[in-house]
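Some notes on the structure that comes next.
Rule-based calculations on the coordinates, nothing more; no lab input. On a predicted model such as this, the values are computed, not experimentally measured, just so you know. Positions of Cβ are generated from backbone atoms using ideal geometry, with glycine treated the same way; all protein chains shown enter the neighbour counts.
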Amino acid sequence: MNTPDDDFPQAGRKRLILPSPIGTLGTGARDIEPELYEEMQRGAVYMMGDNPALPRMPEKPALLDFYRLRFGSFARRHHCQSAKLAMQSGQPEKVVLACFLHDISNGALVRCDHGYWSAQLIAPYVDEEVAWAVRYHQPLRYFADESVGYQYPEAYKKYFGEDYQPPGYMRRDHEYARNHRWYMSSRMITLFDVYAFEPGPEIPFEMFEDIIGRHFRQPKEGLGFDGSPVAHMWRSMMWPNNFL
Ligand SMILES: [Fe+2]
Ligand SMILES: [Fe+2]
């Protein structure tokens, strides 16, 4: 009898998923590797390739495929909202794009040090200034700039506690960014980086398609298959459950 996942890799066998250590270390999640190993001895296989529980990605994935098929609703909405605010305030297209991309690593890759990871993911495909702005929005978030009306986020007081102090590398990188000629591009990201997580109508991606088309160099082989230094990072988002 056919099952719905028969046209996926490893059909007919139980597929075992071992979560990546970076997602479980220190969380109290039980180490299930020994059990999975036992199951594997009994005929199950470690998952490799498309996971039937996830929407299948196109053969040549484009930027928005990751937003549509891999990101959760928070990440999707946050990026659209931020880019929409930048657009409405008349920011240059590069800044709108930077806002649309700024937390991209949180979508389906990794949260910690997300500005740095996000910048690395997009660097081969965008103007150097866009990647730079994305990288430094992370440290800049922790430091006010009254000249543009940016204050330390109320949300962060709730998220991290009133007494949270950013570590040394974040202070250092904030200082560096503050004196850089692209400072304002990065600062603009922090200004439009508002959290609006109440449920509501989705902001349509279509309104950003032209800007993405003009400023994001979509590789013809698809993200993940162009041989760039970060291609493996995009593949990891396509196949987050691969054993190796
Ligand atoms: Fe961020
Ligand atoms: Fe953000």
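For the range 116-190, the equivalent ellipsoid derived from the alpha-carbon gyration tensor has semi-axes of 22, 14, 11 Å in decreasing order. Remark on TYR150: its backbone amide H falls under 5 Å from those of ASP145, a criterion applied only to residues 5 or more positions apart or on other chains, H modelled at 1.01 Å from N. Label positions at TYR169 and ARG181, each projected 7 Å from the Cα along the C-beta direction, are separated by 2.8 nm. For GLU209 and GLU59, what does the FRET efficiency come to when R0 = 22 Å and r is the distance between their Cβ atoms, rounded to the nearest 0.05? Calculated value: 0.60. Of the residues CYS99, VAL148, PRO34, the one whose Cα sits farthest toward the positive end of the charge dipole of the chain, with +1 on the Cβ of Lys and Arg and -1 on the Cβ of Asp and Glu, is VAL148. Note on the range 12-143: Cα-only Rg and Dmax are 18.5, 61 Å.
A crude spin-label estimate for the pair TYR37 and PHE243, with each label 7 Å from Cα along the Cβ direction, gives 1.2 nm.
Taking only pairs that are 8 or more places apart or on different chains, how many Lys pairs in the chain have Cα atoms under 26 angstrom apart?
6
How big is the Cα convex hull of the chain in projection, averaged over all directions, in nm²?
Working: hull surface 64.4 nm².
If I average the Cα hull's projected area over directions, I get 16.1 nm².
Amide H to amide H, with H built 1.01 Å from N, TYR46 comes under 5 Å of LEU16, counting only residues 5 or more places away or on other chains.
For the range 72-204, compute Rh as the Kirkwood radius over C-alpha pairs and then the Stokes-Einstein diffusion coefficient at 10 °C and 1.306 mPa s; write the answer in µm²/s, rounded to an integer.
Numbers: Rh = 14.9 Å.
Taking Rh from Cα pairs, D becomes 106 µm²/s.
Neighbours of PRO139 by Cβ distance under 12 Å: Lys/Arg scored +1, Asp/Glu scored -1, total +3. Applying the Karplus relation 6.51 cos²θ - 1.76 cosθ + 1.60 with θ = phi - 60° to the range 5-13 yields 3J(HN,Hα) values of 9, 5, 8, 9, x, 6, 4, x, 10 Hz, where x marks Gly and Pro. Using the Cβ-Cβ distance between LYS158 and SER73 with R0 set to 25 Å, the FRET efficiency works out to roughly 0.75. Sequence-ordered 3J(HN,Hα) estimates for the range 29-34 from the Karplus curve with 6.51, -1.76 and 1.60 and θ = phi - 60° stand at 4, 5, 7, 9, 4, x Hz, glycine and proline given as x.
By how many degrees, between 0 and 90 and to the nearest 10, does the Cα long axis of helix 128-140 differ from the longest principal axis of the chain? Approximately 80 degrees, to the nearest ten.
Which value does Rg/Rh take for the range 150-204 over its C-alpha atoms, Rh per Kirkwood? Mind showing how you got there, number by number?
Values: Rg = 14.4 Å, Rh = 13.6 Å.
Radius of gyration relative to Kirkwood radius: 1.06.
The calculated Kirkwood hydrodynamic radius for the range 55-116 is 12.3 Å, given to one decimal from all distinct C-alpha pairs.
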